[in-house]
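Chemist: This structure is in structure tokens; I'll ask about it shortly.
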Amino acid sequence: MTVYYKGFPQSTREEKLKMTNLLELPEKVKKIMPEGAYYYIASGAENEWTWRNNTQAFNHFQIVPRALTNMQDPQLDTTFMGMNLKTPVMICPIACHGIANAEAEIDTAKGAKAAGALFGMSTYCNKSVQDVQKAVGKSHRFMQLYLSKDWDFNKMVIEESEKAGFEGFYLTVDALVSGYREANIRTNFTYPVPLAFFQEWTGGKGEGQSVAQMYANSAQKIGPDDVRKIKELTDLPLIVKGVKCAEDAYKALGAGADGIEVSNHGGREVDGGPATIDVLPGIAREVRHAGRKVPIIFDGGVRRGSHVFKALALGADLVGIGRPFLYGLALGGAQGVQSVIEQLNKELLIDMQLTGCKTIEDVKHAKIDHFTYSADWGISSTSKSVMPPYPVTEDNQLKGEAADAVSGASEH
Ligand SMILES: Cc1cc2nc3c(=O)[nH]c(=O)nc-3n(C[C@H](O)[C@H](O)[C@H](O)COP(=O)(O)O)c2cc1C
């Protein structure tokens with residue numbers, strides 16, 4: 001059930017998950033994951049206001065149930081940038097899947113493939129693109145780019161990914177430095193498992209570094225010329241990830257991006273910024289004026305099929321999930337990832353039936369209302385007052401060289 005990398009416990013679970021909804025998963029993961037690793041995933045920046053509101057702001061929009069629709073058996077298949085997918089749910093790029101499972105990105109890619117979903121893989125991955133290709137074969141996957149100051153490194157990531165069957169790229173533009181993530185500071189979090197691209201390029205960098213150190217080593221100065229430069233290096237589609245206003249969407253598209261991802265990095269960067277679902281409709285309306293077709297991915301706070309429904313109806317073509325699939329990976333490996341996507345699919349299908357939407361294209365044209373209700377506040381599960389006591393189990397204790405793995409620099 002658990003193996004150890006230099007004292008860091010990695011789950012080896014491979015099983016379908018039994019759950020009633022995705023909100024149950026974090027508590028289960030807490031019991032099997034070291035504190036620093038759990039809060040690296042679960043937490044957001046500063047007061048976690050944006051992190052919280054990403055999910056709560058879905059309540060600003062209401063799905064209008066439809067009657068007498070004479071429809072049954074809704075279908076989830078959809079196409080995106082030439083790919084045939086079995087679900088509009090997408091796996092967002094997330095660093096260091098080895099925190100959740102020893103098979104890391106290999107299992108995530110397998111789970112996404114089994115569910116027919118697009119898999120986004122981070123530059124900060126533990127398994128190499130070649131390992132993923134060997135284990136998974138042909139599947140729909142995009143590589144995410146955290147630009148390095150070293151363009152030879154960027155070129156290497158693009159070329160290796162292309163050779164390994166990746167079908168497109170995301171350029172992440174909203175994480176030039178790390179957001180002020182207090183949970184990481186409190187737990188002295190450092191990446192516990194080697195990062196494949198850095199191992200190949202710099203002989204082992206990545207492991208033992210704090211999040212702030214990793215970002216400090218990447219490029220802080222990113223502009224439209226970088227988008228153009230990437231487009232010169234590859235013919236594959238490029239999505240600019242981390243757009244929160246129409247002006248920036250235009251900048252990205254003007255520089256040659258093929259699509260945008262409306263994202264605030266899961267509330268991990270600027271705390272106090274708007275929830276992504278609140279900015280999605282305006283961005284979609286602006287960039288698609290005069291019938292222009294611009295592919296839009298959305299992510300941030302999606303925990304329910306109804307959230308997927310609302311995002312599609314408000315302008316998204318695909319809807320990304322971050323933390324929930326990582327929890328699935330920790331609890332059930334590839335099958336856990338698949339279970340998480342299937343849970344969202346199950347809930348989405350119910351909403352589709354009850355709104356008369358036979359296809360995902362119908363959902364994109366579904367009726368949404370916008371009434372204001374009094375806010376339902378919930379305290380953040382990662383706030384200081386809720387963090388302790390942390391459950392101590394056999395599975396979440398460091399073994400052997402544990403001290404090395406947690407002794408890294410702080411975020412300052
Ligand atoms: C632990 C963690 C690591 C992340 N790493 C990356 C990354 O390497 N690259 C990236 O573009 N986004 C990264 N993100 C942001 C996700 O791609 C996505 O935007 C976000 O998780 C969506 O919000 P959600 O977790 O509420 O679903 C990360 C998010 C988390 C939670």
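Each reported figure results from applying straightforward, stated rules to the coordinates on display, with no laboratory input. Computed from a predicted structure; not experimentally measured. Positions of Cβ are generated from backbone atoms using ideal geometry, with glycine treated the same way; all protein chains shown enter the neighbour counts.
Chemist: Stretch residue 69-residue 47 to full length: gain in nm at 0.36 nm per residue minus the Cα-Cα span?
Modeler: On the way: separation 22, 0.36 × 22 = 7.92 nm, distance 4.44 nm.
Value of the extension gain: 3.5 nm.
Chemist: Relative to the Cα centre, what is the charge dipole magnitude of the chain, using +1 at the beta carbon of each Lys and Arg, -1 at the beta carbon of each Asp and Glu, and rounding to the nearest 20 debye?
Modeler: Working: 44 positive and 49 negative charges, 113 e Å.
The calculation lands at about 540 debye.
Chemist: Using a Gaussian network for the chain with springs between C-alpha atoms less than 10 Å apart, which of these wobbles most: 234, 69, 172?
Modeler: The residue with the greatest mean-square fluctuation here is 69.
Chemist: Percent antiparallel among DSSP beta bridges with both residues in the chain, to the nearest 5?
Modeler: Values: 10 of 35 bridges.
Percentage antiparallel, nearest 5: 30.
Chemist: Per-residue ellipticity at 222 nm for the chain, helices alone: DSSP H runs ≥ 4 residues times -39500 (n - 2.57), over residue total, nearest 500 deg cm²/dmol?
Modeler: Rounded to the nearest 500, it is -11000 deg cm²/dmol.
Chemist: Under the Karplus relation 6.51 cos²θ - 1.76 cosθ + 1.60, θ = phi - 60°, what is the ordered set of whole-Hz ³J(HN,Hα) values for the stretch 151-167, x standing for Gly and Pro?
Modeler: Listing the rounded values in order: 6, 5, 5, 4, 5, 4, 4, 5, 5, 5, 5, 4, 4, 8, x, 6, 9 Hz.
Chemist: Find which of 191, 254, 10 sits farthest along the positive direction of the dipole of the chain, computed with +1 on the beta-carbon of Lys and Arg, -1 on that of Asp and Glu, about the Cα centre.
Modeler: Checked the options; the winner is 254.
Chemist: For the stretch 1-111, with only Lys/Arg (+1) and Asp/Glu (-1) charged at the beta-carbon, what is the dipole magnitude about the Cα centre, in debye rounded to 20?
Modeler: 160 debye
Chemist: Which one, 33, 143, 19, has the greatest fluctuation when you compute a Gaussian network model over the chain with C-alpha springs under 10 angstrom?
Modeler: 19
Chemist: Under a point-charge model restricted to the Cβ atoms of Lys and Arg (+1) and Asp and Glu (-1), what is the dipole moment magnitude of the stretch 219-372 relative to its Cα centre, in debye to the nearest 20?
Modeler: 80 debye
Chemist: Which whole number of Å³ per residue matches the convex hull of the alpha-carbon atoms in the stretch 2-405? Walk me through the intermediate numbers first.
Modeler: Numbers: hull volume 53.9 nm³, N = 404.
Per residue, the Cα convex hull of the stretch 2-405 comes to 133 Å³.
Chemist: Also, quick follow-up: Taking +1 at the Cβ of each Lys and Arg and -1 at the Cβ of each Asp and Glu, which of 82, 169, 212 sits farthest along the dipole of the chain towards its positive end, judged by Cα position relative to the Cα centre?
Modeler: So the residue furthest toward the plus end is 82.
Chemist: Sticking with the crude label model, points 7 Å out along Cα→Cβ, report the distance from residue 392 to residue 248 in nm, one decimal please.
Modeler: In this crude label model, residue 392 to residue 248 measures out at 4.3 nm.
Chemist: Also, I was wondering about something else. Around residue 90, which amide H atoms from residues at least 5 apart in sequence, or from another chain, sit under 5 Å from its own amide H, with H modelled in the peptide plane?
Modeler: Here the answer is 319, 320, 321, since their amide H atoms fall under 5 Å of that of residue 90.
Chemist: Taking square-rooted eigenvalues a ≥ b ≥ c of the alpha carbon gyration tensor, is the stretch 1-71 rounded, prolate or oblate, where a/c under 1.5 means rounded and, failing that, a/b exceeding b/c means prolate?
Modeler: Note, shape of the stretch 1-71 comes out oblate.
Chemist: For a quick check of your reading of the filter: which trypsin sites (Lys or Arg not before Pro) in the stretch 221-253 sit in a DSSP loop and have no more than 12 other Cβ atoms within 10 Å? Kindly include the intermediate steps, with their values, before the conclusion.
Modeler: Details: sites: 221, 228, 229, 231, 241, 244, 251; in loops: 221, 244.
Hits after loop and neighbour filter: 221.
Chemist: By how many nm would the segment from residue 359 to residue 62 lengthen if fully extended, with 0.36 nm per residue of separation less the alpha-carbon distance?
Modeler: That works out to 105.0 nm of additional length.
Chemist: Here is a follow-up. With θ set to phi - 60°, apply the Karplus curve 6.51 cos²θ - 1.76 cosθ + 1.60 along the stretch 20-27 and write out the HN-Hα couplings as whole Hz, x wherever there is a Gly or Pro.
Modeler: With coefficients 6.51, -1.76 and 1.60, one gets 9, 6, 6, 5, 7, 5, x, 4 Hz.
Chemist: Charges on Cβ only, +1 for Lys and Arg, -1 for Asp and Glu, centred on the Cα centroid of the chain; of 146, 391, 371, which one is farthest towards the dipole's positive end?
Modeler: Farthest along the dipole direction, towards plus: 371.
Chemist: Also, quick follow-up: Once you've got the GNM for the chain with C-alpha springs shorter than 10 Å, pick whichever of 125, 96, 245 has the biggest mean-square fluctuation.
Modeler: Highest fluctuation of the listed residues: 245.
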